[in-house]
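First comes the structure, then the notes that go with it.
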Amino acid sequence: MFPFSYTKVSTVREALAAGQRGGRFIAGGTTLVDLMRETVERPGALVDISALPMRHVRVTAGGGVRIGALVRMADAAVNRTVRAAYPVIAEALELSASAQLRNMATIGGNIMQRTRCAYFRDVSAPCNKRRPGSGCAALGGYNRTHAILGGSEHCVATHPSDLAVALTALEATVHLAGPAGERRVAFADFLLRPGNTPDREQDLRPGELITFVEVPALPRTSRSGYLKVRDRQSYEFALTSAAVALDIRGGVIRTARVAAGGVGTVPWKLSAVEQQLVGRRPSAKLWAEAAERAADGAQPLEHNGFKVDLLKHTVERQLRVVGGNK
Amino acid sequence: MNQAVGAPLSRVDGKLKVTGQAPYAADHHVDGVAHGVIVSSTVGAGRITGVDTGSALAQPGVLSVITHDNAPRLPYRPYRNFLVPPGERLHVLQDDQVHFFGQPVAVVVAETLEAAQHAASLVDVAYDGRPPTLDLTGAPTNEPFSYARGDAGGALGSAAVRLEMTYRAARNHHNALEPHATIALWDGDRLTVWDKTQYLVGAQGELAAVFDIPVEAVRVICPFIGGAFGNGLRCWPHTVVAALAARVTKRPVKVVLTRRQLYFGVGYRPTYEYSVRLGGDRQGRLSAMTHDARFETSRYERHGEGIQALGQMLYETPNVSQTFRNVPLDVSTPTWMRGPGYSTAAYAIESALDELAHELGVDPIELRLRNEPDDDPASGLPFSTRRLRECLAIGAREFGWHKRKPEPRSTVDGDRLIGIGMAAGAYHTLRGAARAYARLTAEGAALVQAGASDMGPGTYTSMTQIAADALGLTMSTVRFELGDSTMPQVPPHGGSQTMASVGSAVQNACDQLRQQAITLAVTDERSPLHGVKAEDVIVRDGGMRVKNDPTRGETYRQLLTRLNRTHLEVIGSYAPPQQPRFSTYAYAATFAEVAVDARLGVVRVRRMLGVYDAGRIVNPKLADSQALGAMVGGIGMTLLEHTVTDRRDGRIVNANFADYLVPVNADVPDLRAIYLEGNDPDADPIGVKGLGEVVMVGVAPAIANAVFHATGRRVRELPITAEALL
Ligand SMILES: Cc1cc2nc3c(=O)[nH]c(=O)nc-3n(C[C@H](O)[C@H](O)[C@H](O)COP(=O)(O)OP(=O)(O)OC[C@H]3O[C@@H](n4cnc5c(N)ncnc54)[C@H](O)[C@@H]3O)c2cc1C
Ligand code: SF4
């Protein structure tokens, strides 16, 4: 670990000032400290934001919900509003990490977590995300867990968060406070694909702080859920995952929100699948047909070709789980 | 007083462990200790062209940075014990050669761990690397080991049924929770190390040879081990590094490997390619079997493990040929990992038997029964005990085998295909010469010592049980100590030989001690036992009594106090017979039920049962830790564990617990073990056959066979993951 200074702030203004001086925010510390130990991250100054007043879950005027950036994953998962209106969020959280981690980890930190690409975390390997221009060890190396969607010749690492998949499906927005004031970014635009600059991962300006995420209201009749497929039963990142929210009324699918995880360099919104679903009647055939579009544009690598079918099967299964067996 | 042996007693050291008071290797307090952090090579083969230690040395608190450039040349006197493979051990920090990815290339010693860690990350090593050779297939091999009986080729040619398959098993790492750690302290030319080791004698001998000092000048201390599974059997380079760093800095030095470093050069279960051909008649009686396997080893040492035995003795096969080749690659040397060789061989052989059963439409258990030998077909010796038939029968009954529909893919539960599989297994009962010290004090308590280890099986507890019964003492009045090379020598704590060997030595010591006490009593005129025949005296409740007149007797305390003796003491011993008269193995029948979500490529074990013929079970509670733990390990081996090497540079890609997957609780729902009653009096004086390894042998094929039964798809490669099932 490289030496660093540590300050704890108690107001957003202090946090922003410290951030502007180059300080690095630390919330639960569950992933940043790991990365510092591996010397992947080498911040000179840590700014502990865990005492800031951003730890509430509130219902918005429009019937949506705001989840403060410092709400613990465990607390968000058991929150009544979240559970009632967005089971997909609660399930994504509960299938993440371990109970101990969820007790420490925050929503903001979860969205900001960095890829689990093993080469990224091994400082002796070339990695464009960690050291721009050094090359990508995963492309010609072992890439079983890497992305089949959204990669570039510079980086094919997946975004590991489960929560972010649910937020992508639900078309949430990220609310930011910065030296230049507040702003909001659609979730789909917040996390960036690698392109030529895999080291730039979020639409976040220097010193900016996530204050909360806002999830728009779903029709009352919606049902939602999250499916995570992995080698072991618990405590592992997704090989593939699917976040699905469907509003079915009068036997017809009115709205469909579907996103996939474990397959994209960012959580992958499955618009083609959604389009297949809307206006149609639920059936096993429809689920299969729609899921067929889940891997559109996939570019598998040497070791992750199986994810193409697995993704389709995952989406199909979760459509059925949420939308019913008829 | 109840017998201690056979009772499901809790661990005598359990409280120490759960309250954090049991000192593991890195926990020992040594005054003035400095911290060493190893720098690992980042190429898989080649040479070091330069090491820039400038910025590391400039860090506050750094005492020294030792590399091959400035390290003292170490004598490395030739040394072998029977655990050291042929070849020449890695000479650490002695030259510029890199033999494998992660090899130690420098060590930073500093006042604090943090300073040492940071400085280690600043050491800049330049290499002239070359692409390592890593692929088992196609690489030239060492001289093969071969075995033949009968004419396997001919018999295969004329067999009514013939099958030929190749199985592959991934490299696995031991991944004990406790990291390897060493604290080294020099006092002149005397060296003391607190080390994580399963073999005090080996560590002592190796360090003496490396530094060319007398064996007696080295003391190795290891009272507790937080899991090892075999990789504490050898003295690895980091132990030498700690001693070397201590010598250079003239300070005691502690070296603890990081989790990542535990994947570099401290052993692993090697990758195998194992081809089986078998031939038999339509009833499933095997006439021939051939075994051709390759497995990896380093270029500097030739690893070997018990890969041969099962192919020779598990079934009555008149014609057998075996060729096992180790393939030298640019990797570190493998080492024994739980059920070494046997687990891998069982995966191949027991999968093949399952394939044959399916081919013939014979029940897999019945197929095994049809091939049960009467005597050991390899040695011709009679079995001391071989109760595999009972294991199979009890297992079938308890697991509900008869409810299994034989047809693969015939049981469905929602989205899941359900399958049941089984496998047989065996492991040779190893025994080695062992000694133990026992002392009975005037307070009526006993102290027993042996230079053994306890990596988790509960050596402290089981030895205390043996001693307590032999001396008629309660568990709490016996103290058993281990883990110090100044104690009497015992064989390595591996290969399931501790109970048989050390246990027999403890039994012998305590028997002698009891006889001493009884002899003193019956010959002492003042003793109530005076004149009684020694064989009519029994011990219990801390004293001696006449067998048929329990009111007549005295306590040890009374005896020794009256005789003015502070204590009695003996050294007991055990030596296995030179010429074995029996073939002695422990046996296992393992059953597994899996649920396979074929669309999602996910296998989950639903329940498992193991039935074991392991001789006397000294403590069923400890035995369960062994058996259930092995099932967990076997689930890992079959479905999850896979050390991934980057073929370009030998990098271990998943050298951490997030990417190298071991089972979590959710993966191991319902596990059960049954032990056949009885013992094996011909195995050793206490009738045990060893348990820790055999429980692992057969787990992988039982699960793999269940996956086949569930899906109708035969996956011949471990681990079985989504790729293979979709
Ligand atoms: C072993 C393990 C397994 C895991 N498994 C999963 C899993 O299955 N699924 C999953 O989704 N996640 C998983 N995680 C990741 C886990 O969810 C994250 O570690 C956690 O959510 C991070 O939150 P934190 O508060 O601890 O963040 P920190 O470690 O404190 O910070 C993480 C990053 O976020 C930044 N940051 C934090 N808060 C803010 C803010 N308000 N504004 C701007 N930047 C901020 C920090 O600067 C830092 O860069 C796992 C983690 C571990 C260690
Ligand atoms: S995939 Fe991305 S994170 Fe991984 S090595 Fe390549 S550049 Fe680095």
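The values are calculated or read from the model by the stated rules, or taken from the named source; none is laboratory data. This is a predicted model, so every value here is computed, not measured. Here the Cβ positions follow ideal geometry from the backbone for every residue, glycine too, while neighbour counts run over all protein chains shown. Please note that ligands, DNA and RNA were not included when accessible areas were found on the heavy atoms of the full protein model with its side chains. Shrake-Rupley method; radii C 1.70, N 1.55, O 1.52, S 1.80 Å.
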Could you please find all residues in the range A:229-245 being of a type in the set (Lys, Arg) and more than 7 Å from every other protein chain (Cβ to nearest Cβ)? A:230
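In the range A:133-151, how many residues are more than 9 Å from ligand 2 (Cβ to nearest atom) and assigned to a loop (DSSP other than H, G, I, E, B)?
Just the residues of the range A:133-151 that are more than 9 Å from ligand 2 (Cβ to nearest atom), to begin with: A:133, A:140, A:142, A:144-145, A:148-150.
From what is left, the residues that are assigned to a loop (DSSP other than H, G, I, E, B) are A:133, A:140, A:142, A:144-145, A:148, A:150.
Within the range A:133-151, residues that are more than 9 Å from ligand 2 (Cβ to nearest atom) and assigned to a loop (DSSP other than H, G, I, E, B) number 7.
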Inspect the range A:197-210 for any residue being open to solvent by less than 10 Å² (accessible area, probe 1.4 Å), within 11 Å of ligand 2 (Cβ to nearest atom) and more than 25 Å from residue A:274 (Cα to Cα) and give the result as yes or no. yes
Is there any pair linking a residue in the range B:407-420 that is surrounded by fewer than 17 Cβ atoms within 10 Å (Cβ to Cβ) to one that is assigned to a strand (DSSP E or B), with Cβ under 6 Å and at least six apart or on different chains, and which? B:415/B:597
Any residue in the range A:30-48 that is assigned by TED's automatic domain parsing to the domain that holds residue A:9 sitting within a Cβ distance under 8 Å of a residue that is near ligand 1 (Cβ under 8 Å from one of its atoms) and of a type in the set (S, T, N, Q)? List the pairs, counting only those 6 or more apart or interchain. A:31/A:113
I need a count of the residues in the range A:213-228 that are away from chain B (no Cβ under 14 Å) and either more than 30 Å from residue A:183 (Cα to Cα) or of a type in the set (D, E, K, R) (or both). 4
Does any residue of the range A:60-79 turn out to be under 18 Å from residue A:27 (Cα atoms), open to solvent by 10 Å² or more (accessible area, probe 1.4 Å), within 10 Å of ligand 1 (Cβ to nearest atom) and more than 16 Å from the chain's Cα centre (by Cα)? no
Restricting attention to the range A:296-311, report how many residues are farther than 23 Å from residue A:137 by Cβ and either surrounded by 24 or more Cβ atoms within 10 Å (Cβ to Cβ) or away from chain B (no Cβ under 11 Å) (or both). 4
Is one or more of the residues making up the range B:614-629 open to solvent by 30 Å² or more (accessible area, probe 1.4 Å), within 14 Å of chain A (Cβ to nearest Cβ) and either touching a strand residue (DSSP E or B) at 6+ places or on another chain (Cβ under 9 Å) or not in a loop (DSSP other than H, G, I, E, B) (or both)? no
So, in the range A:112-159, exactly how many residues are within 24 Å of residue B:122 (Cβ to Cβ) and either more than 16 Å from ligand 1 (Cβ to nearest atom) or more than 21 Å from the chain's Cα centre (by Cα) (or both)? 14
Might you check whether a residue that is within 25 Å of the chain's Cα centre (by Cα), part of a loop (DSSP other than H, G, I, E, B) and farther than 21 Å from residue B:36 by Cα occurs anywhere in the range B:69-78? no
The condition from (1) more than 13 Å from chain B (Cβ to nearest Cβ); (2) without any contact (Cβ under 8 Å) to a residue 24 or more places away in the chain that residue A:159 misses is numbered (2)
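For every residue, the table says whether it meets (1) within 16 Å of ligand 2 (Cβ to nearest atom); (2) within 14 Å of chain B (Cβ to nearest Cβ); (3) assigned to a helix (DSSP H, G or I).
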| position | (1), (2), (3) |
| --- | --- |
| A:1 | no, yes, no |
| A:19 | no, no, yes |
| A:29 | no, no, no |
| A:41 | yes, yes, no |
So is residue A:95 within 14 Å of chain B (Cβ to nearest Cβ), open to solvent by 30 Å² or more (accessible area, probe 1.4 Å) and touching a Phe, Trp or Tyr at 6+ places or on another chain (Cβ under 8 Å) or not? yes
Filter the range A:57-103 for residues that are part of a strand (DSSP E or B) and under 27 Å from residue A:240 (Cβ atoms); the one that is farthest from ligand 2 (Cβ to nearest atom) is A:65
Given (1) within 14 Å of ligand 1 (Cβ to nearest atom); (2) farther than 28 Å from residue B:722 by Cα, residue A:231 misses just (2)
